[in-house]
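What follows is calculated from the coordinates using simple rules that are stated; it is not laboratory data. Keep in mind that this is a model prediction, so the values were computed, not measured. Note that each Cβ is placed from the backbone with ideal geometry, even for glycine, and that neighbours are counted across all protein chains shown.
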Ligand SMILES: Cc1ncc(COP(=O)(O)O)c(C=O)c1O
């Protein structure tokens, strides 16, 4: 059997030998006591890179989001986000279950909405209404197909938030991809936001971990909620070393993943019965529509030939490029899709 070409997600990336070496050699301490030098260094670098006062290392992107959400709000308040946002769609109801907040959904295109759209959702202060506390955006937008929030749109939202006394949070699980694609630094995107969560375990390839960044006071509060949510880790330097390695060595290679996504999208666009919005392929995620057969059928048949992709809906499929798949893998995936679609 030839190697599997795994295009299901960039969360499947495995640590490289050099990353494992860095993890094996990590200097560690008790992180709940704030005594793990490797975690402290990772938090320092992450905060510095994003231009914020402080950062907190947490076990997952979901926890970084939930800790940030809880730190910004009190139960009974609401946030404004979009219906496809990870925090709303994929976090198991945590905003309601853990923070006790509701989500008000802005109409969005591929996950992106404007300050005007948010303005229309705002209500006067009145005992009948749920107090709005936070605007929440996702960069890049996962279900939006890796779409990139333009810097000006974020700046406009930030202005609106300031005028209205709201906060702005960015779920930047794939902020690195946005920066690699546009050349706009992570710090410039983050400067408009009160807090940002970032993941080391997606395209950057670390095995575990995310961080939330913001003001010193905000991170102090977040540290308490991380403990409350069970995310206080002990000798976490071992995994933080993987994240540090990823930050230092894997950001530069994300452009490769984007080139592979483009190669895949262009190849798919040439196949019979496949629909791809080529302009919509902006980073490492390719969503394509199928007219020729149900998506689940293509996913199954491709799997039998060692190519793994995900069904996103009955007639759309998602493929994500990462350091697990090289150019040859992309060519093989295209060959497999071509064979299946020509012999359906
Ligand atoms: C945009 C976004 N935010 C947050 C997360 C959550 O990360 P985790 O799976 O580490 O909890 C993901 C996961 O894919 C994501 O795509």
Review point. Taking the Cα atoms of segment 253-342 alone, what are Rg (to one decimal) and Dmax (as a whole number) in Å?
Key: 11.8, 35
Check your understanding: How would you order 236-248, 213-225 from highest to lowest mean count of nearby Cβ atoms within 10 Å?
Key -> 236-248, 213-225
Practice item. Using just the helices of the chain, give the 222 nm mean residue ellipticity in deg cm²/dmol: DSSP H runs with n ≥ 4 each add -39,500 (n - 2.57), and the total is spread over all residues, rounded to 500. Key: -12000 deg cm²/dmol
Practice item. Mind giving me the FRET efficiency for residue 104 and residue 152? R0 is 30 Å, r the Cβ-Cβ distance, nearest 0.05 is fine. Key: 0.80
Review point. How many Å³ per residue does the convex hull of the Cα positions in segment 217-301 occupy?
Key: 204 Å³
Review point. For the pair residue 127 and residue 53, what calculated FRET efficiency results from E = 1/(1 + (r/R0)^6), where r is the Cβ-Cβ distance and R0 = 56 Å, to the nearest 0.05?
Key: 0.95
Check your understanding: How many percent of all Cα-Cα pairs in the chain sit more than 32 Å apart?
Key -> 32 percent
Check your understanding: Quick one: length gained pulling residue 224 to residue 182 fully straight, 0.36 nm per residue minus the C-alpha distance?
Key -> 11.6 nm
Review point. What ranking do 321, 38, 339, 16 get, fewest neighbouring Cβ atoms within 10 angstrom at the top?
Key: 339, 16, 38, 321
**Study point:** Angle between the chain longest axis and helix 254-269 axis [Cα atoms, degrees, rounded to 10]
**Key:** 50 degrees
Check your understanding: Can you give the angle from 0 to 90° between the axis of helix 37-50 and the longest principal axis of the chain, with both taken from C-alpha atoms, to the nearest 10?
Key -> 80 degrees
Study note, to complete from the structure: Computed over the chain: longest principal axis from alpha-carbon atoms vs helix 237-249 long axis, angle to nearest 10 degrees, is 60 degrees
Review point. Fewest first, what order do 184, 112, 317 take by the number of other Cβ atoms within 10 Å?
Key: 184, 112, 317
Review point. What is the distance in Å between the Cα centres of segment 109-165 and segment 184-199?
Key: 15 Å
Revision key, fill the gap. Shape call for segment 63-176, from the Cα gyration tensor axes a ≥ b ≥ c (a/c under 1.5 means rounded, otherwise prolate when a/b beats b/c, else oblate), comes out oblate
**Study point:** Residues of segment 225-256 with amide N under 12 Å of the 7 Å Cα→Cβ point at residue 33
**Key:** 234-235
Practice item. Using only Cα positions of segment 281-321, each an equal point scatterer, no hydration layer, compute I(q)/I(0) via Debye at q = 0.21 Å⁻¹ and quote the log10 values to two decimals. Key: -0.61
Review point. For 260, 250, what's the fewest-to-most ordering of other Cβ within 10 Å of each Cβ?
Key: 250, 260
Point to revise | Sites residue 77 and residue 191 - FRET efficiency at Förster radius 25 Å, r taken between beta-carbons, to 0.05 | key: 0.50
**Study point:** Antiparallel bridge percentage (DSSP; both residues within the chain; nearest 5)
**Key:** 55 percent
